[in-house]
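Okay, so here's the structure we're looking at.
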Amino acid sequence: MELFDELNEEQRLPVADTEGAVLVLAGAGSGKTRVLTARIAHLVGDLGVSPSNILAITFTNKAADEMKERLFAMTEIGGMWVCTIHSMCVKILRMYAARRGLNENFSIYSEVERTAVIKQAFKECGFEEEGMLKNAKYHISNAKMLGLSPESYAARCGRERGMDAVIKIYTKYNLHLKQNNALDFDDLLTEARDLLSEDAEAREYLAGKFRYIHVDEFQDTNAVQFDIIKMLASVHGNLFVVGDDDQSIYGWRGAEIANILHFERSFPSVKTYKLQQNYRSTGAILALANASIGHNAMRKGKKLWTEKGEGEKPIFYEADEEAGEALYCARIISEYVRKGYRLSDFAVLMRINALTRSFEQEFTKYNLSYKVFGGFKFFERKEIKDVLAYLRIVSNPFDSEAVQRVINVPRRGIGGKTIQTLQEYADREELTLYDAVLDCDALPLTESAKGKLKSFRDFIKELIIRSEELPLDKLVSYLIKTSGIYDMYFDGTDEGAAKRANLDEFQNSVEEFVRMNEEGSLSDYLQQITLYSDTDEMDDGDYITLATIHSVKGLEFRCVFLCGLEENIMPTPRALDDPKAFEEERRLMYVAITRAKEKLWLTRSRSRYLYGRREPTMRSRFVEELKGELDLRDTGARSYERRGSYNGYNGGYNSYNGGYNGGERSFGQGRGDREDEGFSFGSAKKPPAFEPKPQTAKPAATKSASGVELSRLTVGTKVSHPRFGRGVITARKNETTNLIVTVHFEMAGNKDLAATLAPLTVLE
């Protein structure tokens, strides 16, 4: 068949090997989807296999649709099952619903619906403590992921605190599902597995039907999914799995890397092929990826190569703090856009989405459109919106929407009926919702309900009083500490820790505002946030991708920034005592590096505001492992043994000891510091641990990004900005290098802007 002419030698071998178990270890960018679809087309077009005898399993709807489109262009696919594993399980269960005690029209509950039913079961069991509900939700999700019934989960985890209550809620939850003729997302897998395991007739029919089974992204399978796949392959044994052990990054949601590493234990006669020719990245980027992943012990082993050429060497950059790191990215992106690149050519990747705020704010300053993936935009996250709602009430008690949002956040026992009574009273008397709270004694409510409303009322009154006495940053700190919002997320989960980190980052944003706007008020700050949250000006598709690494697996970009490369961010601290989890962190590094096609920058901050305070940081050990590839000088002996917490580096890292690498792309005399925000960390006399490379002096730019002659940006000049509006220049700094202008905007307050980047228009 002509399709073989389109494949390289590495790809042809597994496509032609159609019988028995076949494992294809497909490196990043090596054309695995092409191999999988070519093999199916070969089976149908060349070997005459009926499409109805072929099963192709993927893990996302997008991947399934892409595979169908490719196959449709290549061969006949009528009757072929090409679907996600969950969709396949739905098909199977609808065929045999009665045997599982279901009606074939059973409902499938989403995560939102599952949460609602768990809450109902929780209440029916007579429980009230919020912490217990969160504990139950976590354990039910974990049990479902592992495919364990309440009884089996109790046998495994029965000694854990509060497990009796969890099992009671879990049992009641399952009863509700049965009564509602419903399954949740995880049930689709466990019910299908149990059907195949317990019903020999169903198993033999389905395993007989599917002569050839194909599984994409095999490294992402969990134990339940692999059980299903093995049973479906039990008759013919023709199982073709494609995956990359080096890209297994979903262990936290049940993916089991052992499925691919030890595939031969289930299929001893397996034939293994490796796809190592990469069609995506340059040689220099692949060299870095190979060097990084080579430190992992739990892997099959392969080395990516390319015919694309060496390309530019990846650059490592260290800023003094996170805003300088974000400014560095903004400057480079702006420089390349002027050379003809599009914003959509760039991705800024990070381990956790709590780091996005500084990038969002810097990109907004310089009118660089962006879109956040792997989480909400920073100021749109629930915990941040809750704090902002409190501040909105303090600033404007007429804001009834803000009152309704937080009247029961954290939970005060103010239920829906009480809020309805408040709203009806407010509507009848033509009052705001807050006025109705103040008049709660006049409402037809129980004394208990009135007491809860008075508690909320008194807290708001205290905030209003303190807003007259405290500076804004102190007010926000008081609000977060005393409202209970921070304590809400001490639930022992990664999600809770991430939300606390977001609240800490929010406080950091307020402190920055106060430093930049000595006379700035609460209403000024809220106005600024409104500007930052406005997404109406996004261009159609041309934006910088700002994302977590997990959310871009499978994607590629011309240019990639991998940011936040510090200990206790990447790798995350919870992985340091677990070799298996630690190697998954390094696989995340590998995935991030291999998203880049042409250019790659790796960045970090010597200090960062996280976990409630600003602290000096340590360079990630994953960077230390690549010193040779990145041409970094040794920064001195460091211990990367875990010492308990983010702040606990044995007291031995109390200064900015991390050194500085300006690389080939430093700005402002190689300092790379955050001068655009009114700081000059570069003037501190800290001896560098390694020297920046010599650079050829460049003439200072004479025009701004919008074409304005810099000589026109004098003190007193009136200017306009696409996002911040009208303003006046009040100061100039760095006259001989990268000019910084301070602009007082009528709506957004003071901003220090790099003159060559800022989209300023001089107003005549």
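The values are calculated or read from the model by the stated rules, or taken from the named source; none is laboratory data. Every value quoted in this text rests on a predicted model; they were computed, and no experiment measured them. Cβ sites come from the backbone with ideal geometry, for glycine too, and all protein chains shown count toward neighbours. We work out accessible area using only protein heavy atoms, side chains counted, and drop any ligands, DNA or RNA first. Shrake-Rupley method; radii C 1.70, N 1.55, O 1.52, S 1.80 Å.
What to note about this one:
- Amide proton proximity set for PHE373, modelled H, under 5 Å, gap of 5+: LEU546, ALA547, THR548
- Among the trypsin sites (Lys or Arg not before Pro) in region 201-258, none is located in a DSSP loop while being surrounded by at most 15 other Cβ atoms within 10 Å of its own Cβ.
- The alpha-carbon atoms of the chain define a convex hull whose volume equals 193 cubic angstrom per residue.
- Phi angles across region 280-293 convert, under the Karplus curve 6.51 cos²θ - 1.76 cosθ + 1.60 with θ = phi - 60°, into 3J(HN,Hα) values of 9, 10, 6, x, 5, 5, 5, 4, 5, 4, 4, 5, 5, 5 Hz, Gly and Pro given as x.
- Shown here: region 338-461, whose C-alpha atoms stretch 68, 28, 22 Å along the first, second and third principal axes, sorted largest to smallest.
- Between ILE464 and SER110, the FRET efficiency from the beta-carbon distance, with R0 = 41 Å, is close to 0.55.
- Size descriptor, Kirkwood hydrodynamic radius, that averages inverse alpha-carbon separations across region 341-385, Å: 11.4
- The chain, helix-only ellipticity at 222 nm - DSSP H runs n ≥ 4, -39,500 (n - 2.57), divided by all residues, nearest 500: -12500 deg cm²/dmol
- Sequence of LEU526, LEU433 from largest to smallest accessible area, 1.4 Å probe: LEU526, LEU433
- Take the convex hull of the alpha carbons in region 20-132; its mean projected area over all directions comes to 11.7 nm².
- Restricting region 497-529 to GluC sites (Glu not before Pro) in coil, as DSSP defines it, with at most 15 other Cβ within 10 Å: GLU518, GLU519
- For region 374-456, the list of chymotrypsin sites (Phe, Trp or Tyr not before Pro) that fall in a loop by DSSP and count at most 16 other C-beta atoms within 10 angstrom reads PHE376, PHE398.
- Couplings 3J(HN,Hα) for region 22-38, derived from phi with the Karplus relation 6.51 cos²θ - 1.76 cosθ + 1.60 (θ = phi - 60°), are 10, 10, 10, 8, 9, x, 4, x, 9, x, 5, 5, 4, 5, 5, 5, 5 Hz, where x marks Gly and Pro.
- Burial order of peptide ranges 85-94, 726-735, 747-756 (average beta-carbon count within 10 Å, highest first): 747-756, 85-94, 726-735
- Close amide H contacts of ASP184 (hydrogens built in the peptide plane, cut-off under 5 Å, sequence separation of 5 or more or a different chain): TYR109.
- Using equal-weight Cα scatterers in the Debye expression, the normalised intensity of region 290-369 in log10 at q = 0.13, 0.18 Å⁻¹ is -0.61, -0.94.
- Distance histogram in 10 Å bins (all Cα pairs of region 167-271, percent per bin): 14, 37, 32, 15, 2
- Probe 1.4 Å, protein heavy atoms only - accessible area per residue of the chain in square angstrom: 42
- In Å², nearest 10: area of THR493 left accessible to a 1.4 Å probe: 40
- Accessible-area ranking of MET231, MET618, largest first, probe 1.4 Å: MET231, MET618
- Close amide H pairs (under 5 Å, H built 1.01 Å from N) link LEU757 with ALA705, residues at least 5 positions away or on another chain.
- Note on the chain: with neighbouring protein chains present and a 1.4 Å probe, carbon and sulfur make up 48 percent of its accessible heavy-atom surface.
- Compactness of region 715-764 as Cα Rg over 2.2 N^0.38 Å, two decimals: 1.02
- Binning the alpha carbon pair distances of region 83-129 at 5 angstrom intervals from zero yields the distribution 5, 19, 17, 16, 18, 12, 8, 5, 1, expressed in whole percent.
- Relative contact order of the chain, taken over Cα pairs closer than 8 Å and 6 or more residues apart, is 14 percent.
- Using equal-weight Cα scatterers in the Debye expression, the normalised intensity of region 1-85 in log10 at q = 0.20 Å⁻¹ is -0.96.
- Once all protein chains are placed together, GLU160 keeps about 90 Å² accessible to a 1.4 angstrom probe.
- Backbone HN-Hα couplings from phi across region 139-144 [Karplus 6.51/-1.76/1.60, Hz, Gly and Pro as x]: 5, 5, 4, 5, 4, 5
- Local net charge near VAL728, Cβ-Cβ under 11 Å (Lys/Arg +1, Asp/Glu -1): +1
- Listed residues ASP386, ASP65, ASP577, ASP194 arranged by accessible area, highest first, probe 1.4 Å: ASP577, ASP65, ASP194, ASP386
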